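Scroll down for the structure; my scribbles are underneath it.
The values are calculated or read from the model by the stated rules, or taken from the named source; none is laboratory data. This structure is a prediction, so every number in the text was calculated from the model and none was measured. Backbone-built Cβ (ideal geometry, glycine too); neighbour counts: all protein chains shown. Please note that ligands, DNA and RNA were not included when accessible areas were found on the heavy atoms of the full protein model with its side chains. Shrake-Rupley method; radii C 1.70, N 1.55, O 1.52, S 1.80 Å.
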Amino acid sequence: MSGLFDRNRPDPTAVRRIKMLIAERFALTESSTLAVAELRCHEPDCPPVETVITALETDGSMRDWRIAKPLSDVDRADIEMLSEQP
């Protein structure tokens with residue numbers, strides 16, 4: 001039986017690939033911390049599954065990006081379409 005708090009582990013290869021593409025696309029330094037998560041939403045007007053990528057810099061600044069598809073489906077074209085955030 002599948003429950004609300006059951007955890008699906010994302011494919012570690014896909015997570016590494018996304019982190020590499022984000023670091024390359026936004027010229028992140030090695031001191032940047034990247035987190036990649038796949039979120040499911042059951043609210044109206046929100047995608048059923050989205051990938052959220054967060055970059056935390058050593059100065060405390062944070063940037064995040066959202067892609068409305070499962071983590072395993074994110075590709076280079078999706079990353080290239082993301083814009084720089086102030």
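Summary table below
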quantity: Scan of segment 40-60 for residues that are within 17 Å of the chain's Cα centre (by Cα) and either assigned to a loop (DSSP other than H, G, I, E, B) or of a type in the set (Val, Ile, Thr) (or both), ordered by number; calculated: 41, 46, 47, 48, 49, 51, 52, 53, 54, 57
quantity: Candidate set: segment 38-83, residues that are of a type in the set (A, V, I, L, M) and open to solvent by 40 Å² or more (accessible area, probe 1.4 Å); chosen: the one modelled with the lowest pLDDT; calculated: 39
quantity: Residue selected from segment 24-37 under the condition open to solvent by 30 Å² or more (accessible area, probe 1.4 Å) and of a type in the set (Gly, Ala, Ser), by the criterion farthest from residue 81 (Cα to Cα); calculated: 31
quantity: Hits in segment 61-74 - residues which are more than 10 Å from the chain's Cα centre (by Cα), within 19 Å of residue 28 (Cβ to Cβ) and outside any strand (DSSP E or B); calculated: 61
